[in-house]
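One structure is given below, encoded as structure tokens.
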Amino acid sequence: MKTFPFFPFILALLVANGMPQSVNAQWSYTLDNALDSIMYAPPGWDSETDPPPCCFYSGYSFQEYYGDLLDNEDNNYTVFVPTTEAVEEVAALMNLNLFDLAGFSDMSDALGYHIVPGTYTAADLEDGMALTTLQGQSLDVNIDGTNVGIDGAWVVEANIMADNGVIHVIDATLAPEGYPQATVVTAIAGSPDHTLFEEGIFNAYLDGYLSANALEAEDDNNGDPTTGPYTVFAPTDAAMAAFAASYGYNVADFVASQYIDEFVERHVVIGYYNSGVLSDGQSLSAMNGQSVDIEISADGVTASGSNVGAADILAYNGVVHSLDEVLPFDIPAASGTCGTWTLELYNSDIDQNWLGSTIDVFKNGIMIAEETNNEIAEDNNGDYVPDAFGMSTFSFAVDEGDVLDFIFDQDGGSSFNCGYVVKNESGFTVFSSFSSNLDEGPDNVMGLKACGAEPTCGMIEVMFIDESQEGWVGGGMTISQGGNVQASLNFGDFNYFESLYPFWQMSTFIPVNEGEIDFIVSQPWEYADLCGYLVKDPAGALLVNQNIEFVAPESTFGITACEAGADVICNAEFEVAQITSPDGSPVPGAVQVSIFDYNPNAVYTWDFGDEGTSTDVFPTYQYSGPGPYTLCLNVTDGNLCSDSYCEPISIDSLGILNGFLSGFTINIVDGGPSDVVSSVNNLTTSTNALSVFPNPAQGQVTLVGMDPGANWVGELRGTDGRLVRRFNGVGRSPLSLDGVAEGLYILNVVDGTSSSRTVRVIVQ
């Protein structure tokens, strides 16, 4: 049951004065009197069974501000009166009790927006009608069947008549243009010039803090929040970009950096300071403790030297002023004798972030940071598969001799969407617990040394496996090389989460050099015979297999990841060729680009020559015109190698290479090793017939393009013509690639009509 302040007193007063409790058909009341009929409970009202009066608080406000006007019988008005529930919602947004709300500074304008000169009963209102209010702006009428809408609110009780007009009860308050928005956060979000500051608010976990509905909620960064209202000095996107550039940051990286928390707090003041309250020489205190010094002159208003552009963007819980420059703010230098290291945190879940899980960063045994990722991965096409990872970064100074530990601390939700990468002062990845789909969860790495030489072999993969649903609880592994610990992995019960499946695995990536590597195992506490591990070299070849059924994993010594002096391959060269159909005829508008010496550890960057780019290794790209375009590829493997190659590409009026008249599509594929001379680079394929999916593939592909009932036989051959595997199938069938080594293969399929079709298959 709802309760209403002062209700018993008001009811007694009304009964004593004999004030009417309802408006009858023969009204002899003004609108002021008619408000009484919907504000107060009638005689005999039962608080346990009868509904409460609909409109006490709004009626009280109308009588307080417009009582004389509504009591004047010489004028006619239509009054739209919000329900008590609607007023309570607004009061909650403003963090005010209902009677304090009545004294809000802009209440008169807000109420005037609810009053229209003239009498408009429900029957008089027409769809599309515009009603001019006392406040000077208009209300839009929307008729939906028997429902009457007024500026987004719906009439819930119509035609409460009076001698000088009519009252309609509505289910929401009406707000004129320029009237306060819900919160300072929504006011900023509504501005196209403050998208970066809005993102910063969310990255700093301050969106709840600065939203009036959550004023009493715990704040993740600052403890118990201080009750608003808030004055926000919001720098524009241009101002933030200029500031970030002055410190050598891309603005997107800055907004996601560890500095964004204090940056946002630097621009927020507790209290309500609109332009009418600000005075020359006034000093305000920002949330981070720094001052905001106000100067008012003939040239305008500045805040600590930063020009205030647009002022007085009002909100229920404060006010926003737009700044052309950021307030004075220093980013502390994060550079030691070993430079600046970076922790990158990734997230592949399109529905949730890390949910409080953190990476605890220790330097020489002292925790210097507790980092989490508040970014949600993007899914722009709605297929529930991330198009891009969410990522946040943390940078910190590292000195020679520092020993660094990174501990994953799970706190809510699944960890399988999480991963992280540690990069040294040169931007080289020195540790990664990050897989392409982030379905294996992050782990700890301990004992990373600062100022270490770049690994000559690159990254090896260590995969921990169990069939117990218990995992390596209590176990672990130390990886050492040349007497130096490269990583210490610990599966303590404090950070392990039980497998939901009968087979569990987790991969970590460790930088190693030429020479022998030792893998020293600490046995799991239980079910050790159901645990195992695999080690793969930087090229993905298996080095160690300790995944032996019903045998506990043992330490392995003297393993070599690469031969001394072995070259790291970065070959950006590619070949451009016309795609042809199986009979050798060219396929119009279809071009194949073959790359050579594919390095799975390298980063591939394509520049298509028309401002389009891609970091996919094997993209498909559609050109809008005939060209010519300069197609370029850059390949880099950290600081170990780098190579670039460019070639012009265009087609003729028939869609054939080397002309200039129509658009075309390129398909980029693996052309195999550069030292293998084979006609494979000119093999025919069809873009509209036989294909396999996915391609590149792991474990299995599906044949696409066959008639559903067609029987067929297939042969998978290497680039040297060697038969690798035979297949038999009907229609669209899966093909197992288990046991097939990485590389480029040719699949030839012959159906019942003796029609032969060929397609490339890339196995990774």
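The values are calculated or read from the model by the stated rules, or taken from the named source; none is laboratory data. If you're wondering where the values come from, they're calculated on a predicted model, not measured in any experiment. Because the Cβ atoms are built from the backbone with ideal geometry, glycine has one as well, and the counts that use them run over all protein chains shown.
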(request) Could you check, for segment 483-501, whether at least one of its residues is under 25 Å from residue 360 (Cα atoms), in a strand (DSSP E or B) and either among the basic types (Lys, Arg) or at pLDDT 80 or above (or both)? (result) no
(request) Test residue 127 against the criterion of being at pLDDT below 90, charged (D, E, K, R) and either in the same structural domain as residue 315 (by TED's automatic domain parsing) or not in a strand (DSSP E or B) (or both), and give yes or no. (result) no
(message) Between a residue in segment 46-59 that is among the polar types (S, T, N, Q) and any residue that is at pLDDT 75 or above, which pairs come within a Cβ distance under 6 Å, given they are 6 or more apart or on different chains?
(response) 58/81; 58/82; 58/87
(message) Of all residues being among the small types (Gly, Ala, Ser), touching a residue at least 24 places away in the same chain (Cβ under 8 Å) and more than 14 Å from residue 30 (Cα to Cα) in segment 149-170, which is surrounded by the most Cβ atoms within 10 Å (Cβ to Cβ)? Just the residue, please.
(response) 153
(message) Based on this model, can you work out whether residue 201 counts as at pLDDT 90 or above and closer than 17 Å to residue 265 by Cα?
(response) yes
(request) Please determine, by comparing only the residues of segment 59-73 that are hydrophobic (A, V, I, L, M, F, W, C) and more than 11 Å from residue 107 (Cβ to Cβ), which one is surrounded by the fewest Cβ atoms within 10 Å (Cβ to Cβ). (result) 69
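Yes or no: residue 750 closer than 24 Å to residue 539 by Cα and at pLDDT 70 or above?
When the stated conditions are applied, residue 750 does not pass them.
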(request) Could you look through segment 713-740, keep only residues that are modelled with pLDDT of 80 or more and buried (at least 17 other Cβ atoms within 10 Å of the Cβ), and pick out the one that is farthest from residue 540 (Cα to Cα)? (result) 714
(request) Within segment 299-310, identify whether any single residue is assigned to a loop (DSSP other than H, G, I, E, B) and not assigned by TED's automatic domain parsing to the domain that holds residue 241, and answer yes or no. (result) no
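Taking the criterion of being assigned to a helix (DSSP H, G or I), outside the structural domain of residue 394 (by TED's automatic domain parsing), in contact with a Gly (Cβ under 9 Å, 6 or more places away or on another chain) and within 23 Å of residue 199 (Cβ to Cβ), would at least one residue in segment 244-256 satisfy it?
So far as segment 244-256 goes, yes, one or more of its residues are assigned to a helix (DSSP H, G or I), outside the structural domain of residue 394 (by TED's automatic domain parsing), in contact with a Gly (Cβ under 9 Å, 6 or more places away or on another chain) and within 23 Å of residue 199 (Cβ to Cβ).
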